Amino acid sequence: MTLSSIFILLLLEVPILDNSKELKVSVETELSIFSRDLETRLGDISSQLVRLSELLSKNIEFERLTGDPQALGEVLENEFDPLIAAMDRTKSSSVFLVLDFMDRPGQQDSDNYRAGVCFRDSNPDLYMSEVPKQFLRGAPTSAYGDNFMMLEDWELDFDVKDRAYFHSPLDDYNKTPLSGDPLPMSGYSYWGFESIVSQTEKSTILCSIPVTAGSDRKATGVCGFETDLSLLMENYLPEADGYKQIFCKIFDMGGNGVTVKEGTALNTYTLEDGKIYLGQHKNIKLNQGNSVLSSPQLTMAILIPKEEIDSHNLWIRGRLVLFITVLVSIGIFISLFISKKYLHPVMLEIGQLHELIAKKDEMDKLLTPGEIEIALLLIEGKMRSEISRGLRISAGETDRRIESIRNKIDTNGDPNPLETAVAREFKLTPREKEIFRCMLNDMNNTEISGELFISEGTVKNHVHNILLKLKINNRRNLIAWAENYSMQNGIKNE
């Protein structure tokens with residue numbers, strides 16, 4: 001029974017010991033929801049960027065851009081409100097407009113710098129109109145005049161040297177023939193892991209498209225949004241039972257130093273800091289339309305530290321060991337109880353049967369032929385069900401004959417047949433039978449307590465129960481009652 005229970009418990013616990021498949025389902029479900037939401041969010045940014053480009057293209061007067069630097073500054077200032085409104089709508093971290101012109105033509109290395117403006121929102125998820133926007137690029141006079149906040153990383157112009165967000169959409173747009181059906185502006189959208197402030201920054205993702213002006217719709221610059229990945233990931237908080245350090249990460253699979261090892265259920269990820277995680281990832285579609293520009297592989301992953309998963313599995317194994325220990329202990333206790341209550345008396349009877357069968361004459365006188373058959377089968381170790389089938393008798397008849405054998409053996413081998421007869425007729429327990437014998441020997445409670453190594457209180461309780469079963473008022477009448485019982489039943493009391 002104990003082994004069967006342990007086997008069943010192991011069957012129940014084995015799936016929990018290796019819950020990677022169940023965890024995979026949970027992670028993949030949330031990852032599917034998060035990735036769709038992220039694609040929708042980035043798709044909305046692309047759509048808003050196309051609208052912003054169209055609005056700026058209508059507002060900017062190409063003739064004024066070719067004039068003096070003061071006119072260029074006025075053109076940029078006129079677009080402050082549309083840029084900030086677009087940034088608020090998309091909840092982006094930054095918005096920028098870079099024109100393919102210089103406001104200081106004589107500046108050294110002027111080929112690498114372009115005029116423009118850039119704003120940053122310190123917390124795009126909170127709408128706080130009283131907090132001024134941060135001014136990252138543009139003329140300082142414009143910032144002071146409109147009460148913008150200027151930070152240490154402010155610069156007058158944009159350094160566009162080797163910056164893909166500026167050259168890639170412009171170059172591809174200008175290469176497109178004017179004849180035929182041109183691609184929509186969304187077809188020239190560029191996505192990249194870079195920042196306006198730093199080209200090597202990988203914690204932001206940037207999207208830009210061309211801005212046109214004039215009747216020939218010549219590209220005059222680019223506009224775009226910048227999104228802080230750490231702020232973006234705050235919108236995606238995964239959950240899994242028993243795991244507190246689970247988190248979501250958005251990264252460039254090919255450029256962030258992340259290595260992935262495919263697993264049967266969960267993948268193993270080694271991040272740039274050397275730490276190991278388990279989880280699943282999904283690639284994010286950046287360009288919703290047919291863009292002619294290549295984009296990085298944006299990846300979203302739900303990760304759990306490997307050490308937390310190992311710790312969780314260790315706790316489950318410890319719980320299993322505890323359950324098995326308790327189950328084994330209960331099984332041992334039940335086995336000892338059954339052995340003491342049922343098996344020991346049967347073995348004692350079998351020993352007495354061996355002695356009885358050795359004396360064939362006494363066996364023939366004591367047992368009937370049917371009882372002898374059962375006695376021989378009991379000695380062979382047969383169970384009650386096997387005896388019933390072998391002798392073709394009912395289970396009730398088998399039990400009746402076994403009980404008859406037990407009574408005859410007890411009466412025949414007991415040195416005091418009176419005790420056995422009284423115990424059987426009045427259903428005395430083994431302990432009550434022992435105390436009944438002591439009472440027949442005229443022992444008081446203290447003497448009985450010392451004889452049987454039990455407390456006097458326990459002796460009193462048993463004496464009370466014995467008198468109730470024998471229907472005797474007090475123990476002083478016990479000896480007389482026993483003599484009368486012996487005479488009535490023909491028992492010679494030794």
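When only residues in the stretch 218-249 that are of a type in the set (Phe, Trp, Tyr) and in a strand (DSSP E or B) count, which is farthest from Phe193 (Cα to Cα)? Out of the qualifying residues, it is Tyr243. Report yes if Ile330 is at pLDDT 80 or above, open to solvent by less than 40 Å² (accessible area, probe 1.4 Å) and either aliphatic (A, V, I, L, M) or closer than 30 Å to Gly242 by Cβ (or both), otherwise no. Criteria not met by Ile330.
All of (1) polar (S, T, N, Q); (2) within 60 Å of the chain's Cα centre (by Cα); (3) under 18 Å from Arg424 (Cα atoms) hold for Thr458 with one exception: (3). Of the residues making up the stretch 444-474, those that are modelled with pLDDT of 85 or more and either in contact with a Gly (Cβ under 8 Å, 6 or more places away or on another chain) or not in a loop (DSSP other than H, G, I, E, B) (or both) number 20.
Condition check ((1) touching a strand residue (DSSP E or B) at 6+ places or on another chain (Cβ under 9 Å); (2) at pLDDT 85 or above; (3) in a loop (DSSP other than H, G, I, E, B)) across all residues:
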residue	(1), (2), (3)
Pro182	no, no, yes
Ser186	yes, no, no
Trp191	yes, yes, no
Val197	yes, no, yes
Glu201	no, no, yes
Leu206	yes, yes, no
Val211	yes, yes, no
Asp216	no, no, yes
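Scanning the stretch 455-475 for residues that are surrounded by fewer than 16 Cβ atoms within 10 Å (Cβ to Cβ) and among the aliphatic types (A, V, I, L, M) yields a count of 2.
Of the residues making up the stretch 143-158, those that are over 27 Å from Asp216 (Cα atoms), in contact (Cβ under 8 Å) with a residue 40 or more places away in the chain and touching a strand residue (DSSP E or B) at 6+ places or on another chain (Cβ under 7 Å) number 1. When residues in the stretch 138-153 are screened for being open to solvent by 70 Å² or more (accessible area, probe 1.4 Å) and among the hydrophobic types (A, V, I, L, M, F, W, C), 1 of them pass. Determine, yes or no, whether Glu239 is free of Cβ contacts under 8 Å to residues at least 40 places away in the same chain and surrounded by fewer than 18 Cβ atoms within 10 Å (Cβ to Cβ). Criteria not met by Glu239. Of Leu3, Leu9, Leu17, all but one fail to be open to solvent by 90 Å² or more (accessible area, probe 1.4 Å), modelled with pLDDT under 85 and not basic (Lys, Arg); the exception is Leu3. Looking across the stretch 430-447, the residues that are within 60 Å of the chain's Cα centre (by Cα) and in contact (Cβ under 8 Å) with a residue 24 or more places away in the chain come down to Arg431, Glu432.
When the residues of the stretch 136-165 are narrowed to those that are in a loop (DSSP other than H, G, I, E, B) and at pLDDT 85 or above, which ends up nearest to the chain's Cα centre (by Cα)?
Only one residue tops the list, namely Arg163.
Across the stretch 94-135, the qualifying residues are those that are acidic (Asp, Glu), within 19 Å of Gly73 (Cα to Cα) and surrounded by 13 or more Cβ atoms within 10 Å (Cβ to Cβ), and the one among them that is modelled with the lowest pLDDT is Asp103.
Looking only at the stretch 381-397, how many residues end up being among the charged types (D, E, K, R) and assigned to a helix (DSSP H, G or I)? Selection size over the stretch 381-397: 4.
Matching residues to (1) surrounded by fewer than 19 Cβ atoms within 10 Å (Cβ to Cβ); (2) of a type in the set (Ser, Thr, Tyr); (3) at pLDDT 85 or above; (4) not in a helix (DSSP H, G or I):
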site	(1), (2), (3), (4)
Lys21	yes, no, no, no
Ile33	yes, no, yes, no
Arg36	yes, no, yes, no
Arg41	yes, no, yes, no
Leu49	no, no, yes, no
Leu52	no, no, yes, no
Lys58	yes, no, yes, no
Gln70	yes, no, no, no
Glu77	yes, no, yes, no
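The values are calculated or read from the model by the stated rules, or taken from the named source; none is laboratory data. Keep in mind that this is a model prediction, so the values were computed, not measured. Virtual Cβ from ideal backbone geometry, glycine too; neighbours counted across all protein chains shown. Remember, those area values only see protein heavy atoms, side chains included, never the ligands or the DNA or RNA. Shrake-Rupley method; radii C 1.70, N 1.55, O 1.52, S 1.80 Å.
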